[in-house]
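Some notes on the structure that comes next.
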Amino acid sequence: SNGNAQININTIFGFPFLEEKTDKILEKQNLGWKVNLEVSIMNQRDLSTRFGVHPDAKASYDKYDFHEPPVIGEYISAYFKHSEVGNLNQDIQTEGETFYSWSLAVQTNQAGISEVVIPNVNEIPYEHSVKLFDPVTQVVQDMRQNSSFKFAAQGSENPYYFELMVGKDEFIDTKLEKIGAVPNKFELAQNIPNPFNPVTNILISLKEDATISLKVFNLLGKEINSMAMNQPMSKGNHRFIWSGKSDNGQSLPSGIYLYRLEVLSNNGSPVYHNTKKMILMK
């Protein structure tokens, strides 16, 4: 409120009651599943986002879904976009499907490395894969193998959109192929954003399993940071985050830097190399 007002909060029929009631239903009847999704950047946290399934839940808004609360001050916020009711910090879908999808948004007014974590991912039934897809960079991460996903946030308060996929491998793979998330060539993309401060994303595409080296140089050709050295990587799109620092952690001055990717096949033969420029502007 921007003026004098009286605010009444009924905690019997409001959000806390519904959340407690939903947890008791899931625990008592052992139906469905529900897990947490947490996001953080520097000292800011949002630990209250949840998603899952329940046999009584509906695709439309119902008692199992909760709205995203407003933010204040320095913040990071994660929520699910719902076509009918807007932003939800808990979205429960109907149990029994072979493929589930949540439209996840992460929003912050802080600049730096942001992290998305599903801490209790193993509470999702093991017959389902859990993957997080970034439509901008085309990066897909298996959240069972690595439950932490990091990306560079610029603090503009523009939401970063992801698609959270849960289901059988064949259904997820079909969806990823339809949206072009499976690369058909080796590629070193232009870093995003560029110019940048303080962090940027460096994106690579591998059309097959390979061994890579990714290094940063100054304009004199001196190596200042090695992000990957003879590192085996699987086929797909991958993201590296560079924070404008040398290998010893020293912050570097504004200027133009070069980043170079070298790719070796599984038998050790060179199959790709490329170098691009990026601008650190403080």
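The values are calculated or read from the model by the stated rules, or taken from the named source; none is laboratory data. This is a predicted model, so every value here is computed, not measured. Cβ coordinates were reconstructed from backbone atoms using ideal geometry, including for glycine residues, and neighbour counts include every protein chain displayed. Protein only, heavy atoms only, side chains kept; ligands, DNA and RNA dropped before computing areas. Shrake-Rupley method; radii C 1.70, N 1.55, O 1.52, S 1.80 Å.
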Review point. Of all residues in region 131-147, how many are more than 12 Å from R239 (Cα to Cα), outside any strand (DSSP E or B) and open to solvent by 10 Å² or more (accessible area, probe 1.4 Å)?
Key: 5
Exercise for review: Read through the list (1) among the β-branched types (V, I, T); (2) within 28 Å of L31 (Cβ to Cβ); (3) touching a helix residue (DSSP H, G or I) at 6+ places or on another chain (Cβ under 7 Å), then give the number of the only condition that V140 fails.
Suggested key: (2)
Practice item. Check region 106-128 and report whether any residue there is of a type in the set (F, W, Y) and at pLDDT 95 or above. Key: no
Revision key, fill the gap. The strands (runs of 3 or more DSSP E) lying entirely within region 175-257 that contain at least 1 residues which are modelled with pLDDT of 95 or more, open to solvent by 20 Å² or more (accessible area, probe 1.4 Å) and in contact with a His (Cβ under 9 Å, 6 or more places away or on another chain) are none
Revision key, fill the gap. Within region 264-282, the residues that are outside any strand (DSSP E or B) and open to solvent by less than 100 Å² (accessible area, probe 1.4 Å) are S265, G268, S269
**Study point:** Any chance M165 is open to solvent by 40 Å² or more (accessible area, probe 1.4 Å), touching a residue at least 12 places away in the same chain (Cβ under 8 Å) and assigned to a strand (DSSP E or B)
**Key:** no
Review point. Name the pairs: first residue in region 170-194 and closer than 23 Å to A153 by Cβ, second residue open to solvent by less than 30 Å² (accessible area, probe 1.4 Å) and among the hydrophobic types (A, V, I, L, M, F, W, C), Cβ to Cβ under 6 Å, at least 6 apart or on different chains?
Key: L188/I204; L188/L261; A189/L203; N191/I202; N191/M278; N194/M278
